[in-house]
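Worksheet: one structure, shown below.
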Amino acid sequence: MNHLRIIVLAKQVPDTRNVGKDAMKADGTVNRGALPAIYNPEDLNALEQALRIKDRFPESEIVLLTMGPGRAAEIIRESMYRGADRGILLTDRKFAGSDTLATSYALSMAIRKLEPYSLILAGRQAIDGDTAQVGPQVAEKLGIPQVTYAEEIGEIADGKVTVKRRLERGVETVVATMPLLVTVHNSAPPCRPRNAKRLMKYKYAHTVSEMQHSNEDYFAWQNDRPYLRIDEWSVDDVQADENMLGLSGSPTKVKKIENVVFKAKESKVLAPSDADIEWLVRELIHNSTIG
Amino acid sequence: MNNLLVYCEIDEGQVAEVSLELLTKARSLAHQLNCQLEAVAIGASLDGIPDQVFPYGVDILYVAEDPRLSPYTTIPHASIVNRLIRQEQPQIGLFGATSIGRDLAPRVASALRSGLTADCTQLEIGDHYEKRIDTEYKNLLYQIRPAFGGNILATIINPETRPQLATVREGVMKKEPLADFRAGEIRKLPVVEWLSDTDFVVEIIDRHIEQRKVNIKAAPIIVAGGYGVGSKENFQLLYDLAELLGGEVGASRAAVDAGFTDHERQVGQTGVTVRPKLYIACGISGQIQHRAGMEESSMIISINKDPNAPINHIADYTIIGDVGEVIPKMIRYYKKNSK
């Protein structure tokens, strides 16, 4: 039980939380290009939970798995700076357009290559879609139990894990058997910062695609330093069925996208003066808005 | 018959508000589709459930009763729902977008390989023409949800897979029992046969659930505060005004995150949707996510120091000023002028 393999699922997402003025085009639509790509916030909560388990069981291995375009290797490096042991980028054009079901299938096929594992940790949801579906769907595809909305991972003993869950109106503590998938809620502790030594070491960690632009003999260079290799896995590498991926493997289709535009009203502007406020209150009483 | 199935969430013998809201909406969808409305109740003591759901027009109520089924755990509930869906083949399956629904529905969707749309705020029936394969799909479920931080509204469809699955946000659909209804049919499910011991791999050892204390959805007047209220102490002014006017206090997400008040008062996309006759927005800038939850209020007053706050664009009256100064004056002049 001292060497657990913990797989952390993470996603690089556009930062939709602070859609500022410059992120909106003149016609009121979102300028996606203007939004920075960030580490999905709740996935960082999940990484911290993995690191805390490794603090307790130092021989554990943390494998970061993400699916996305080449630049998503950034969040693998970020995870390494904070304590992850290795990372895998699941990347292939054939994954493009996958909905949550196709994404879960792809991730589950990659996870099968990482057996045996004890725990899979993921953020509750990603801020670009807020669906919270991928975690439970991955668990179902792997035929393992799930515990959603974790706030704290407690005792790990005898093949069982104690997890405290944050629900809408309370908390619940459960004991579940491993292997287990846990989704982590944002009320869990924030992720620890980068470690300076790890930053110096892992800033040279790259995928082969990233290295192709360098002039050096990167194969030989990386072979000498295997810890700096970020694996890239394609559809073929995980032996996935193409028909279950991308648009063809996605039962949900987007029929229509509308920009949310609020109609401006003719607003009457008042000052905080006694006269204005008394006028407004009398007006509201007069038209029976307030009794 | 491909009917419409609603998963009823049950807490201590009571059907959740969100499930009753869903049944109301599902009844009108079933009417449009000319099919029946089915509901499934899974739990421990369910004697009171039929009387709670039949006023909402449920034609068939499936009951799965077993002491092991309450409180909710994922796999046993998912096993029953999967089995029921495989047997009855509903064309649509709906769940509340709650802690339970968002845990259960994806598990079910994955097992059935069906499309699932999370957190819908509107459901409609409509057709779809797929040019690529020259195929016309009739009577699909349009699953409408905000996306991209609330800046866009997406309509999602599942043309090929059945059932079409969706979770629906609490508080956005109206709950309306029928004045005149007929009790539906009750069908007991063979729980012991459908479950195996290996389904119970997650054991609940401790549980603290707070009862809902406030229901801002039903309030005719809401005095809502945002981050601009500044402090928990200033929030007390909002309670004073709300009490005087016979209303409730609401809040923006920023105010809840800052700890000024509780989550159950949160209005907006991650809180509840409200339609009061008067909404007084105090120190709320009016992010799109907040406006989505209150823009249908009959009258909106904004109190804000920032004359350019987005909320002012949808307000009937805007008072440019400090909440701490304006609210005491409103209280004073209300007391003076009301009889």
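See the values below:
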| read-out | value |
| --- | --- |
| Over 21 Å (Cα to Cα) - which of B:Lys217/B:Lys277; A:Lys141/B:Lys25; A:Lys256/B:Lys131; A:Lys54/A:Lys141; A:Lys54/A:Lys197 fall in this group | A:Lys141/B:Lys25; A:Lys54/A:Lys141 |
| Theoretical ellipticity at 222 nm over chain A - DSSP helices of four or more residues, -39500 (n - 2.57) apiece, nearest 500 | -8000 deg cm²/dmol |
| Label zone at B:Glu130, where the point sits 7 Å out along the Cα-to-Cβ direction: region A:85-103 residues whose backbone N lies under 20 Å | A:94-103 |
| Efficiency of FRET from Cβ geometry, B:Glu12 and B:Glu193, R₀ 25 Å, rounded to 0.05 | 0.40 |
| Fraction of antiparallel bridges per DSSP, region B:216-337 only, in percent to nearest 5 | 0 |
| Choice from A:Lys268, A:Lys160, A:Lys256 showing the highest fluctuation, given a GNM over chain A with Cα pairs closer than 10 Å | A:Lys268 |
| Per principal axis, descending, Cα span of the protein assembly as shown in whole Å | 85, 61, 55 |
| Ranked packing of B:236-245, B:175-184, most packed first, by mean Cβ within 10 Å | B:236-245, B:175-184 |
| Rounded accessible area per residue of region B:216-337, 1.4 Å, Å² | 38 |
| Per-residue mean of C-beta atoms belonging to partner chains within 10 Å, peptide B:94-103 | 4 |
| Accessible surface buried upon B-A contact (total; probe 1.4 Å; Å², nearest 100) | 6800 |
| Heavy-atom SASA rank of B:Ile222, B:Ile75 (probe 1.4 Å, accessible area, largest first) | B:Ile75, B:Ile222 |
| Within chain B, helix-based [θ] at 222 nm, where runs of 4 or more DSSP H residues each add -39,500 (n - 2.57), nearest 500 | -8000 deg cm²/dmol |
| Shielding by partners, peptide A:118-131 (average Cβ within 10 angstrom, other chains) | 3 |
| Two-site label geometry, B:Arg332 and A:Glu168: point separation in nm, points 7 Å out along Cα→Cβ | 4.2 |
| Inter-chain shielding of B:201-211 (mean C-beta neighbours from other protein chains, 10 Å cut-off) | 6 |
| DSSP beta bridge pairing in chain A, given as percent antiparallel to the nearest 5 | 40 |
| Pairwise centroid distance, computed over Cα atoms, of region A:37-97 with region B:218-249, Å | 43 |
| Max mean-square fluctuation residue, GNM over chain B, Cα-Cα springs under 10 Å, options B:Arg253, B:Arg83, B:Arg207 | B:Arg207 |
| For region B:253-319: rounded, prolate or oblate by the Cα gyration tensor [a/c cutoff 1.5] | oblate |
| Total formal charge among the other residues, if their Cβ is under 13 angstrom from that of A:Val8, Lys/Arg +1 and Asp/Glu -1 | 0 |
| Rounded if a/c under 1.5, otherwise prolate or oblate - region B:22-111, Cα gyration tensor axes | oblate |
| Chain B, accessible surface, carbon-and-sulfur percent (1.4 angstrom probe) | 46 |
| Beta bridge orientation in region B:4-199: antiparallel %, DSSP, nearest 5 | 35 |
| Extended-chain gain in nm, criterion 0.36 nm per residue less alpha-carbon gap, A:Glu258 and A:Arg225 | 7.0 nm |
| Global geometry of region B:216-337, whether rounded, prolate or oblate, following the gyration tensor of its Cα atoms and the 1.5 cut on a/c | rounded |
| Solvent-accessible heavy-atom area per residue, rounded to whole Å², over chain A at 1.4 Å | 46 |
| Region B:81-148, relative contact order in percent, only Cα pairs under 8 angstrom and at least six apart counted | 25 |
| Virtual spin-label span in nm between A:Asn243 and B:Asn308, 7 Å along Cα→Cβ | 5.7 |
| Residues of region B:290-320 with amide N under 18 Å of a point placed 7 Å along Cα→Cβ from A:Asn287 | B:295-303, B:312-320 |
| Value of relative contact order over region B:216-337, rounded to a whole percent, pairs C-alpha under 8 Å and six or more apart | 24 |
| Ordering of A:248-254, B:141-147, A:185-191 by burial proxy (mean other Cβ atoms within 10 Å per residue, highest first) | B:141-147, A:248-254, A:185-191 |
| Accessible area, probe 1.4 Å, largest first, for residues B:Lys188, A:Lys54, A:Lys94, A:Lys197 | A:Lys197, B:Lys188, A:Lys94, A:Lys54 |
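The values are calculated or read from the model by the stated rules, or taken from the named source; none is laboratory data. Remember, predicted model here, so these are calculated numbers, not experimental data. Note: ideal-geometry Cβ built from the backbone for every residue, glycine included; neighbour counts use all protein chains shown. Please note that ligands, DNA and RNA were not included when accessible areas were found on the heavy atoms of the full protein model with its side chains. Shrake-Rupley method; radii C 1.70, N 1.55, O 1.52, S 1.80 Å.
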